[in-house]
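Engineer: Once you've had a glance at the structure underneath, I'll fire off some questions.
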Amino acid sequence: MQVSVETTQGLERRLTISVPAETVDVEVKNRLRQVSKTQRINGFRPGKVPPSVIQKRYGKSVRQEVAGEIMQRSFVDAIVAEKINPAGRPSFVAKSNEDGKELKFEATFEIYPEVELKDLEKIAVERPDVEVTDKDVDEMFETLQKQHQTWKENKRKTKKGDKLTIDFTGRVDGEEFEGGKAEAFELELGAGRMIPGFEKEITGMKVGEEKTIKVTFPDDYHAENLKGKEAEFDIVVHKTEGSVLPKVDDEFAKLFGIEEGGVEALREEVSKNMARELTQAVKAKVKEQVIEGLLAGHEVGLPSALVAQEVDVLRQQAMQRFQGQMDPKNLPELPSEMFKEQAERRVKIGLLLGEVIKVNELKVDNAKVDELIATAASAYEDPKEVIDYYANNKELMQQMQNVALEEQAVELLVEKAKVSNKKANFKDIMNPEGK
């Protein structure tokens, strides 16, 4: 077998491979001999069909089949011999494939880029210096109370936190518009469900009151015909209700599965859960900064085959999310451009972290795998059941091992980076967008 390697463009390579005619012809003859034993042809007993008849009827297709198999095997042998690392599947083009002649073909593919890590010590990381305080726990209890609030009808002027049942009719330029009208619509003031100004304008209204308000649709509103437009809404209030929060007592604690210890036990459990979530959030924030620093400091060629694979993964994930909201039959084929930028980013991160793992000869730390599984399991009612599930599922365990190896790479980068601590509070870390 003869092999030549050519760089076409960027990461693309072309192998030209020649396989001796004798090698191909022998395999073709053996395959035709096998075919003659199984094929039934009128006028001949099974297994007694003359080779010339078999050759005439099946020779071409068998040769194509054998050539395909030889090209696959020869390609693998060639990349091993040439120490080439392909990224994605090759495309084959036969240049010569005739009886008695050598099989000559081209294999075109992309290779993984050479990645040179540099200036890792210049990556800057601000590690949040934060802990869960009593005030944070108090605020979480308020959130838990709101999750179990009830509503009591009233006749007073409404305020933030109240729930209204209203009719509204909207107009733009004096004309009603699609989606601008509703009856018996329930709205909690302060929830931010409506366009800016809407809830503020109806705060203070009472049962039976009617009012026309003016608001402006934001410039980034999803409906093109309404962007930046001023609108009028006729409002009629049918019912107003005030929030009634449950009392924080032993019965309240039982709502969250705390049968013994009452409020004190619930507070301890909530605090523990908040601390666990905070630890994960801080870790994520540090990782995000490390990744951003790594990306900013390196230019890496991206194999289009890997990007295409990642686009497919992202598209499938998006389709799965949409399936919960739409009939799969009505789902359109989502265009690749929707996912290309994210796919390129993920491929680049993978290549860079892969190089960190390779250069530093990192191996999976089983203790870290166990720690990650234990952390994930702690959020469930029966952690042992979750841990056992991972232990008996090879695919899930492999995924967790990959996560552990990635975390090890990030931790190594943190060790090399310029790290400073910055005071922070629980709310800012857990709700960075102020949500």
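The values are calculated or read from the model by the stated rules, or taken from the named source; none is laboratory data. From a predicted model like this one, the values you see are computed outputs, not experimental measurements. All Cβ positions, even for glycine, are placed from backbone atoms using ideal geometry, and neighbour counts span all protein chains on display. Note: accessible area is taken over every heavy atom of the protein model, side chains too, but ligands, DNA and RNA are not part of it. Shrake-Rupley method; radii C 1.70, N 1.55, O 1.52, S 1.80 Å.
Engineer: Can you spot a residue in the stretch 378-389 that is aromatic (F, W, Y), open to solvent by less than 90 Å² (accessible area, probe 1.4 Å), at pLDDT below 95 and farther than 24 Å from M274 by Cα?
Structural biologist: Looking through the stretch 378-389, none of the residues is aromatic (F, W, Y), open to solvent by less than 90 Å² (accessible area, probe 1.4 Å), at pLDDT below 95 and farther than 24 Å from M274 by Cα.
Engineer: Looking at (1) among the small types (G, A, S); (2) crowded, with 16+ Cβ neighbours inside 10 Å; (3) more than 20 Å from the chain's Cα centre (by Cα), which is the only condition A281 fails?
Structural biologist: It is condition (3) that A281 fails.
Engineer: Just to be sure before I move on: is L314 closer than 28 Å to N85 by Cα and either without any contact (Cβ under 8 Å) to a residue 24 or more places away in the chain or in contact with a helix residue (DSSP H, G or I) (Cβ under 8 Å, 6 or more places away or on another chain) (or both) in the structure I sent?
Structural biologist: yes
Engineer: Right, something else. Name, by its number, the condition in (1) under 30 Å from V19 (Cβ atoms); (2) of a type in the set (A, V, I, L, M, F, W, C); (3) under 28 Å from the mean Cα position of the chain (by Cα) that does not hold for V125.
Structural biologist: Tallying (1) under 30 Å from V19 (Cβ atoms); (2) of a type in the set (A, V, I, L, M, F, W, C); (3) under 28 Å from the mean Cα position of the chain (by Cα), V125 fails exactly one: (1).
Engineer: Still on this structure, please answer the following. Only residues that are surrounded by fewer than 15 Cβ atoms within 10 Å (Cβ to Cβ), out of contact with any Gly (no Cβ under 9 Å at 6 or more places or on another chain) and part of a strand (DSSP E or B): list them for the stretch 166-181, please.
Structural biologist: E175, E178, listed by residue number.
Engineer: Out of the stretch 360-370, which residues are among the basic types (K, R), in a loop (DSSP other than H, G, I, E, B) and in contact with a helix residue (DSSP H, G or I) (Cβ under 7 Å, 6 or more places away or on another chain)?
Structural biologist: none
Engineer: Would you please list the contacts, defined by Cβ atoms under 8 Å and residues six or more apart or on different chains, that run from a residue in the stretch 77-103 that is more than 22 Å from S304 (Cβ to Cβ) to a residue that is charged (D, E, K, R) and in a helix (DSSP H, G or I)?
Structural biologist: Going by the 8 Å Cβ cut-off, the qualifying pairs are N97/R63; D99/D25; D99/R63; G100/D25.
Engineer: Does the stretch 259-275 contain at least one residue that is at pLDDT below 95 and in contact with a Leu (Cβ under 9 Å, 6 or more places away or on another chain)?
Structural biologist: no
Rundown of residues vs (1) of a type in the set (V, I, T); (2) not in a helix (DSSP H, G or I), yes/no style:
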{"site": "T240", "(1), (2)": "yes, yes"}
{"site": "N273", "(1), (2)": "no, no"}
{"site": "A281", "(1), (2)": "no, no"}
{"site": "G301", "(1), (2)": "no, yes"}
{"site": "R315", "(1), (2)": "no, no"}
{"site": "A318", "(1), (2)": "no, no"}
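Engineer: Only residues in the stretch 224-235 that are assigned to a strand (DSSP E or B) count as the first member; pair them with residues that are open to solvent by 70 Å² or more (accessible area, probe 1.4 Å) and not β-branched (V, I, T), Cβ under 7 angstrom, at least 6 apart or cross-chain, and list the lot.
Structural biologist: E230/K214; E232/K214; I235/E210; I235/K211
Engineer: With respect to the numbered conditions (1) in a helix (DSSP H, G or I); (2) at pLDDT below 90; (3) surrounded by fewer than 12 Cβ atoms within 10 Å (Cβ to Cβ), which one is the sole condition not fulfilled by T375?
Structural biologist: Of (1) in a helix (DSSP H, G or I); (2) at pLDDT below 90; (3) surrounded by fewer than 12 Cβ atoms within 10 Å (Cβ to Cβ), only one is false for T375: (3).
Engineer: Quick one: in the stretch 301-321, which of the residues that are farther than 22 Å from P90 by Cβ and surrounded by 15 or more Cβ atoms within 10 Å (Cβ to Cβ) is modelled with the highest pLDDT?
Structural biologist: L314
Engineer: For the stretch 336-359, name all the residues that are open to solvent by 50 Å² or more (accessible area, probe 1.4 Å) and either within 14 Å of V307 (Cα to Cα) or touching a helix residue (DSSP H, G or I) at 6+ places or on another chain (Cβ under 6 Å) (or both).
Structural biologist: Listed by number, the residues that qualify are S336, E337, M338, K340, E341, Q342, E344, R345, R346.
Engineer: Would you confirm, using the coordinates I've provided, whether D249 is loosely packed, with under 15 Cβ neighbours inside 10 Å and over 39 Å from the mean Cα position of the chain (by Cα)?
Structural biologist: yes
This table checks each residue for (1) within 28 Å of A374 (Cβ to Cβ); (2) out of contact with any helix residue (DSSP H, G or I) (no Cβ under 8 Å at 6 or more places or on another chain); (3) not basic (K, R).
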| residue | (1), (2), (3) |
| --- | --- |
| E251 | no, yes, yes |
| E260 | yes, yes, yes |
| E269 | yes, yes, yes |
| K272 | yes, yes, no |
| A275 | yes, yes, yes |
| Q280 | yes, no, yes |
| L295 | no, no, yes |
| S304 | no, yes, yes |
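Engineer: A further question on this structure: Among what's in the stretch 284-299 and is free of Cβ contacts under 8 Å to residues at least 12 places away in the same chain and in a helix (DSSP H, G or I), pick the residue that is least open to solvent (accessible area, probe 1.4 Å).
Structural biologist: That would be A284.
Engineer: For K422, indicate whether it is open to solvent by 70 Å² or more (accessible area, probe 1.4 Å) and in contact with an Asp or Glu (Cβ under 7 Å, 6 or more places away or on another chain).
Structural biologist: yes
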